[in-house]
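The values are calculated or read from the model by the stated rules, or taken from the named source; none is laboratory data. Bear in mind that the values here come from a model prediction, so they are computed numbers and not experimental data. Here the Cβ positions follow ideal geometry from the backbone for every residue, glycine too, while neighbour counts run over all protein chains shown.
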Amino acid sequence: MDAQDNVAQNVGLTLRNLLNSVQCVTARVRDGEPNERDGDFNLSNFWDTLSQAVKAVSQEATKVSLAFSKPPLPSQQDGEQLADSVLKSVLSLATVYYWLPKSQGVSLRRYIRDAAVQVLEGLMQLLEVILWSPLQSLTQEQLRSTGGVWSACDRFTHLPQDNKAAAVMVLTGQSGIVKDAIEELEQALSEAHGPFGDILDDEEDGEEPRGDRDTRWSERDRRAVAACQGMMKAAAACLRKTTAAVRTRGDAHAPQSVAQLDDLVDGINGISPGVDDLALCLYPPLDYNSVDSHVTKLAALLKKVLAIIGSSHICGEAELTWVQFLNGAVDHNLQKAKDLLRLDS
């Protein structure tokens, strides 16, 4: 083995050890418990320090990529120093993340945790690409992986800055998903040939027509779907109203208020999956038992969320009015759906 091969082997070992260390830190960030003490915690200082830590990881990733982009390879000593510097930046990012106490909000922590994990996973991908590519050449995959780390680091500038902003971000995302589900169903209902007509129009020559009983809604189906659409629209209205209430009245400072926002987010996170599940079972052929089950589950979830809202700090007199109205709308739409689903069954 010549001297160059020996250097390559040693540097490769250093990179593999670094990769293993980053993997361990990433697992700790992903699964670790938050700091329970807030003491003199200052959220503004936390963000400043976190920003510096993220910037350091981005810079170290760039150094690693450049060091292995062209000959000669770093010496064993230089490679070890580079690896130590990278690991130091990774540990710093993890440490700062752990400074954020649970009292600042679980929702906020989730956003920061996911962003930190994305950075570390991007760094791991970069190290893997360097290890599996020729050690003295800059590949397109290495360029993409380096850019991936930069992009993940840039994501931190778009994160919510407190638990109120985190709750609004969750609500906005849920609203968009629910709106899309409602619009897709309405579009399918408006198509004369049914939602799957285009697919079934392409019959092979000589085939017997398959019929449209399982691809179109009957009149009874449409009445049942309309009642379920009412429940989906109640969910959309709940999300819109709640978003406005959190923006106007949400408090990210008092521990009790922060905890209430987290409880609200936990409930809200189930709404879009509930709407999606209901929407999917409304396409022909309808299984009325399945529709009954899903519309009942969505109604129960909405009632739970409305109860959380009604007992939280975001609910003033104006909010109480629409909370009560939506409670009635949920009951009405559920009963209407059940009556139609059970008709002649």
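Going by the conditions given, is VAL170 more than 21 Å from ALA53 (Cβ to Cβ) and modelled with pLDDT of 95 or more? Outline the logic, then answer.
On the way: more than 21 Å from ALA53 (Cβ to Cβ): yes; modelled with pLDDT of 95 or more: yes.
Yes.
Assess whether VAL178 counts as being over 17 Å from ALA235 (Cβ atoms), touching a residue at least 40 places away in the same chain (Cβ under 8 Å) and buried (at least 20 other Cβ atoms within 10 Å of the Cβ).
When the stated conditions are applied, VAL178 does not pass them.
Scan segment 137-147 and give yes if some residue there is at pLDDT 95 or above, surrounded by 14 or more Cβ atoms within 10 Å (Cβ to Cβ) and either closer than 17 Å to CYS24 by Cα or in contact with a Leu (Cβ under 8 Å, 6 or more places away or on another chain) (or both), otherwise no.
Yes, that holds for at least one residue.
Tell me yes or no: at least one residue of segment 34-43 is part of a helix (DSSP H, G or I), touching an Asp or Glu at 6+ places or on another chain (Cβ under 7 Å) and not small (Gly, Ala, Ser).
yes
Among the residues of segment 92-102, is there at least one that is in contact (Cβ under 8 Å) with a residue 60 or more places away in the chain and in contact with an Asp or Glu (Cβ under 8 Å, 6 or more places away or on another chain)?
Yes: one or more hits.
In the set ALA299, ALA307, which member is touching a Leu at 6+ places or on another chain (Cβ under 7 Å), at pLDDT 95 or above and closer than 20 Å to LEU171 by Cα?
Answer to the selection: ALA299.
Might you let me know whether segment 64-81 holds any residue that is assigned by TED's automatic domain parsing to the domain that holds ASN45 and under 24 Å from ASN42 (Cα atoms)?
Of the residues in segment 64-81, the ones assigned by TED's automatic domain parsing to the domain that holds ASN45 are 64-81.
Restricting the remaining residues to those that are under 24 Å from ASN42 (Cα atoms) gives none.
Within segment 64-81, not a single residue is assigned by TED's automatic domain parsing to the domain that holds ASN45 and under 24 Å from ASN42 (Cα atoms).
Mind checking which pairs have a first residue in segment 238-260 that is in contact (Cβ under 8 Å) with a residue 40 or more places away in the chain and a second that is assigned to a loop (DSSP other than H, G, I, E, B) and of a type in the set (D, E, K, R), Cβ under 8 Å, 6 or more apart or different chains?
ALA252/ASP162; SER257/ASP251; VAL258/ASP251
For every residue, the table says whether it meets (1) part of a helix (DSSP H, G or I); (2) under 30 Å from ALA236 (Cα atoms); (3) out of contact with any Phe, Trp or Tyr (no Cβ under 7 Å at 6 or more places or on another chain); (4) touching a residue at least 60 places away in the same chain (Cβ under 8 Å).
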residue	(1), (2), (3), (4)
SER69	no, no, yes, yes
GLU80	yes, no, yes, yes
SER89	yes, no, yes, no
ARG109	yes, yes, yes, yes
VAL117	yes, no, yes, yes
LEU138	no, no, yes, yes
ARG144	yes, no, yes, no
ASP154	yes, no, yes, no
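What number of residues within segment 276-307 satisfy the criterion of being of a type in the set (A, V, I, L, M, F, W, C), farther than 20 Å from HIS332 by Cα and surrounded by 13 or more Cβ atoms within 10 Å (Cβ to Cβ)? Outline the logic, then answer.
Residues of segment 276-307 that are of a type in the set (A, V, I, L, M, F, W, C), as a first pass: 278-282, 286, 291, 295, 298-302, 305-307.
Within this subset, residues satisfying the condition of being farther than 20 Å from HIS332 by Cα are 280-281, 286.
Then drop every residue that is not surrounded by 13 or more Cβ atoms within 10 Å (Cβ to Cβ), which leaves 281, 286.
Here the count works out to 2.
Give the residue, chosen from LEU82, LEU100, LEU50, that is in contact with a Pro (Cβ under 7 Å, 6 or more places away or on another chain), under 30 Å from GLN260 (Cβ atoms), aliphatic (A, V, I, L, M) and crowded, with 19+ Cβ neighbours inside 10 Å.
Just one listed residue meets the conditions, LEU100.
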